[in-house]
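The values are calculated or read from the model by the stated rules, or taken from the named source; none is laboratory data. All of these numbers come straight from a predicted model, not from anything done at the bench. In this analysis, Cβ positions are derived from the backbone assuming ideal geometry, glycine residues included, and neighbour counts consider all displayed protein chains. Ligands, DNA and RNA are excluded from the accessible area calculation, which covers all protein heavy atoms including side chains. Shrake-Rupley method; radii C 1.70, N 1.55, O 1.52, S 1.80 Å.
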Amino acid sequence: MSTPPSSATKVFKGVAASPGIAIGKAFVLEDMDLAVGRWQVPPEAVKAEVTRFRMAVAETRKEMLGTQQKILKFLGKSHARLIEAYLLILDDPLISKDVVKKITNARVNAEFALSEAVAGAVKALEAATDEYFRERRHDVLDVGRRVLLHLLGHTLQNLDDLKEPSVIVAHNLTPSDTIHMRTQFAEGFVTDIGGRTSHTAILANSLEIPAVVGLHEITRHVRPGDMIVVDGESATVIVNPVPDVIDNYRREREIRLSARRELDRLRDQPAQTVDGRRMTLAANIDSPEEMKSVLAHGAEGVGLYRTEFLYLNRGTPPTEETHFQHYARVAQSVLPYPIVIRTMDIGGDKLIDMGIARDHKAEPNPFLGLRGVRLSLKHPDLFRSQLRAILRASAVGKVKVMFPMISTLEEFRASKKMLEECRMELRKEGVAFDEKMEVGLMVEVPAAALAADTLAKEADFFSIGTNDLIQYTLAVDRVNDEVANLYNPLNPAILRLIDQTVKAGHKAGRWVGMCGEMAGDPALAAILVGLELDELSVSPPLVPQVKKTIRELSFADCQAATRDILDDPTEENIQKVLRQLKKN
Ligand code: PEP
Ligand code: MG
């Protein structure tokens, strides 16, 4: 339970997830324990108990219809379909008839009858051979939970309930919650758990929502309506600050905003060092809507399009046509620059709410499980429709494709084989595509970095995914703030793997980019320049600052500093070298 409310000022330090300052009233999303008890209903009260249940169902329906209208307005038909599926479940006799029968025959309370009926339906779905039906158990559970909340007299607080600019306070948020914030009054968010490179944090960055995560017990110290200031840069959260502090933060926010506007003046300048080393500075996106931000901040193309978000909040996986519409739109809008489309990277912390047929609950270690290209190769039909769409989009823009989570040469070959089969089909069908479309892979598993020389012979390019490379090399869960102190991009093992990958790529004449969050940290830019990466791809709002930093560096100095660090990768030497570079 929450601690007693208090309006005294409290300051918390967490993990910086997304920069910017947010000021607003706390909107606390509570994790509710829905365990229900069983009790006997006297015969004369059975009718009233059935009515109570029917009213809870009616209330739930009303609530869902309201949500459907909002989603339709802000996100369009395809997202609203999710609610249609929920409404169908609500009407399913399996649930409503069973519950009424249980209340009447066994004379038990409605909550218990409902939880039994839901458990029965979930069990039946779990046993289905078709993965699509198995997957629907999550929807049934969610619907059951909503009805239960009405029976218990709670309403499920969700982001749709925001009525004024607010700071979301939650134990945890999923990537889909974060996407949802785009249409709401969410000024920023703070969570008990989470790491800097979790996908929730990455999305917050691209949506420019200030966020601090990994605050441990923030949900216990904030009550709804408390005033909150979130400083996403210093990872500070102030609960109930005095008015002067709020005013200072408001002023600071203005200063930072105008500094950012100033940086955007570099939009049309190249990312080039003072001694003429030119790098490509591209942007990472999760949806076509982010293209506006990519262009406004002056990125030279899209270095990583995380297509898995297309699978979010849908009952069924996207069709080839849906894939194509999205890819063609982005590929055209970024012209004359290229776009690197990454095939779906579902798995890890991108499990929940993906409308893909799979039994993700069964995996004890999702980050080490069926993720990325492993999952794609297991579902050839899904993979094929995505690959065909990417190929078709290559006819209307400068499209490149890459595969995530490659850990063996065989996986890369199998993915390329499937791509080749799609090419053959399209040729037969007379459908246009770019015969020379570049095919690369993400180097994000240590095995790929260590075998980069072999892979380089068969790949057109590498894109180093440091978010995962760090996690897998250092055995540090990227979403676990308890080990965030070990999540260090400057660990010598990481620098050596990057160096080795770049060298192997260059030796084979391939370009090598980096698209993990490490690429967007201006404090590390000198080392990335020194490591001779050809491209950095970063969250769109970070493009201007990274560009400014590169433009102030000397390539020769960066190379020398990087060699020094690789030769003596102790913490003291790294800090000394970085300080020295700053002075120059
Ligand atoms: C990475 O791992 O660095 C990467 C860019 O991919 P994602 O963050 O989507 O796992
Ligand atoms: Mg990754």
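The residues of the range 43-152 expose on average 53 square angstrom of accessible surface per residue, using a 1.4 Å probe on protein heavy atoms. In the assembled protein chains, Val100 presents an accessible area of approximately 30 Å² (probe radius 1.4 Å). Relative contact order of the chain: 15 percent, from C-alpha pairs under 8 Å at least 6 residues apart in sequence.
Shape summary of the chain, radius of gyration then Dmax from alpha carbon positions: 25.6, 89 Å. Which entries of Lys417/Lys507; Lys292/Lys548; Lys398/Lys503; Lys292/Lys503 have Cα-Cα distances beyond 28 Å here? Distance filter (> 28 Å) returns Lys292/Lys503. By how many degrees, 0 to 90 and rounded to 10, does the Cα axis of helix 77-91 deviate from the longest principal axis of the chain? Taking Cα atoms only, the helix is inclined about 30 degrees.
Rounded to 0.05, the FRET efficiency of the Arg329 and Arg427 pair, given R0 = 35 Å and the Cβ-Cβ distance, is 0.90.
P(r) for the range 43-152, from all Cα pairs and a bin width of 5 Å, is 2, 13, 21, 21, 18, 13, 8, 3, 1, 0 %, short bins first. Calculate how steeply helix 46-75 sits against the longest principal axis of the alpha-carbon atoms of the chain, using the helix alpha-carbon long axis, and give the answer as 0 to 90 degrees to the nearest 10. The answer is roughly 30 degrees. A simple charge model with +1 on the Cβ of Lys and Arg, -1 on the Cβ of Asp and Glu and nothing else charged puts the dipole of the range 43-152 at about 320 debye relative to its Cα centre.
Between helix 320-333 and the chain there is an angle of about 40 degrees, using the helix long axis and the longest principal axis of the Cα atoms. How big is the gap, in Å, between the Cα center of the range 236-273 and the Cα center of the range 519-584? About 23 Å separates the Cα centre of the range 236-273 from the one of the range 519-584. Applying both filters, DSSP loop and at most 15 other Cβ atoms within 10 Å, to the trypsin sites (Lys or Arg not before Pro) of the range 421-514 gives Lys436, Lys457. In this rough spin-label picture, where each label sits 7 Å from Cα along the Cβ direction, the Val242-His506 distance is 5.6 nm. A Förster radius of 51 Å combined with the Cβ-Cβ distance from Lys416 to Arg250 puts the calculated FRET efficiency at roughly 0.40. Here Leu94 sits with roughly 90 square angstrom of accessible surface, probe radius 1.4 Å.
DSSP finds beta bridges in the range 265-583, and of those with both partners inside it, around 10 percent are antiparallel. Estimated from helical segments only, the mean residue ellipticity of the chain at 222 nm is -14500 deg cm²/dmol, where each DSSP H run of four or more residues counts as -39500 (n - 2.57). Accessible surface of the range 265-583, 1.4 Å probe: 52 percent of it comes from carbon and sulfur atoms.
Rolling a 1.4 Å probe over the heavy atoms of the protein chains gives the range 446-584 an accessible area of 40 Å² per residue.
FRET efficiency for the pair Glu59 and Glu571, taken as 1/(1 + (r/R0)^6) with r the Cβ-Cβ distance and R0 = 51 Å, rounds to 0.30.
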